[in-house]
Amino acid sequence: MPDFYIDGQSLGNQQKTLPRQARVAVAFKEKPNSAFHLHWEDIGDRTNNEAEYYALIKALNMIQAKWPELAVAATRKSVDPIRIYSDSLLIVNQVKGVYEATDTRLRQLCDNARALMKKLGSVKLDWVPREENYAGQWIEERWKGGKVEVVKDGQPAEVVAKA
């Protein structure tokens with residue numbers, strides 16, 4: 001199973017200008033020697049932390065669509081989890097329960113991400129430094145990941161956990 005790298009960005013977030021312009025990116029390789037698949041989309045007026053959650057939920061929805069058998073396979077102990085890497089320590093620690101999500105909107109997004117992860121069963125979220133996050137490299141136009149196939153998705157990321 002591939003590893004996923006996620007990132008969200010909100011232009012205007014630091015200056016508190018409205019509307020902000022947020023986007024997300026999800027990068028993964030199907031096989032070790034293949035090109036990265038990079039999905040990205042504009043998600044409108046969102047904070048930076050919201051954009052980070054939208055990127056996570058985008059990746060989880062992609063995993064659910066592409067590998068629906070993952071939840072069944074997760075019941076076997078020999079299955080390696082899909083790993084999702086983010087450079088947002090806040091998001092990683094909120095999803096893991098180390099930090100509490102006190103903001104109402106972030107708490108909703110966190111709950112949605114947790115529900116999707118639980119449904120998938122074999123997905124782990126881990127922190128990586130910014131320079132090791134391929135999705136972050138693409139968002140900042142500093143791509144170092146080699147060959148890449150870029151796909152711009154048309155609709156904003158789905159944020160509702162599907163039953």
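The values are calculated or read from the model by the stated rules, or taken from the named source; none is laboratory data. Quantities reported herein were computed from a predicted structural model and do not represent experimental measurements. All Cβ positions, even for glycine, are placed from backbone atoms using ideal geometry, and neighbour counts span all protein chains on display.
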Pairs, please: C-beta under 6 Å, at least 6 apart or cross-chain, first residue of a type in the set (Asp, Glu) and in the range 74-97, second modelled with pLDDT of 85 or more?
-> Asp87/Val128; Asp87/Arg130; Asp87/Asn133; Asp87/Gly136
Test: Leu89 is within 19 Å of Asp7 (Cα to Cα), modelled with pLDDT of 95 or more and surrounded by 14 or more Cβ atoms within 10 Å (Cβ to Cβ) = no
Among Asn33, Asn61, which is the only one that is free of Cβ contacts under 8 Å to residues at least 24 places away in the same chain and within 17 Å of Asp3 (Cα to Cα)?
-> Asn33
With the condition kept exactly as written, say whether any residue in the range 93-102 is under 15 Å from Glu50 (Cα atoms), modelled with pLDDT under 90 and loosely packed, with under 13 Cβ neighbours inside 10 Å.
-> no
For the range 123-145, how many residues are surrounded by 15 or more Cβ atoms within 10 Å (Cβ to Cβ) and either at pLDDT 95 or above or over 22 Å from Phe36 (Cβ atoms) (or both)?
-> 3
Scanning the range 92-151 residue by residue, those farther than 17 Å from Ala25 by Cβ, among the β-branched types (Val, Ile, Thr), touching a strand residue (DSSP E or B) at 6+ places or on another chain (Cβ under 8 Å) and not in a strand (DSSP E or B) turn out to be Val95
Could you check the range 1-80 for strands (runs of 3 or more DSSP E) lying wholly inside it with 1 or more residues that are at pLDDT 90 or above and of a type in the set (Ser, Thr, Tyr)?
-> 4-11
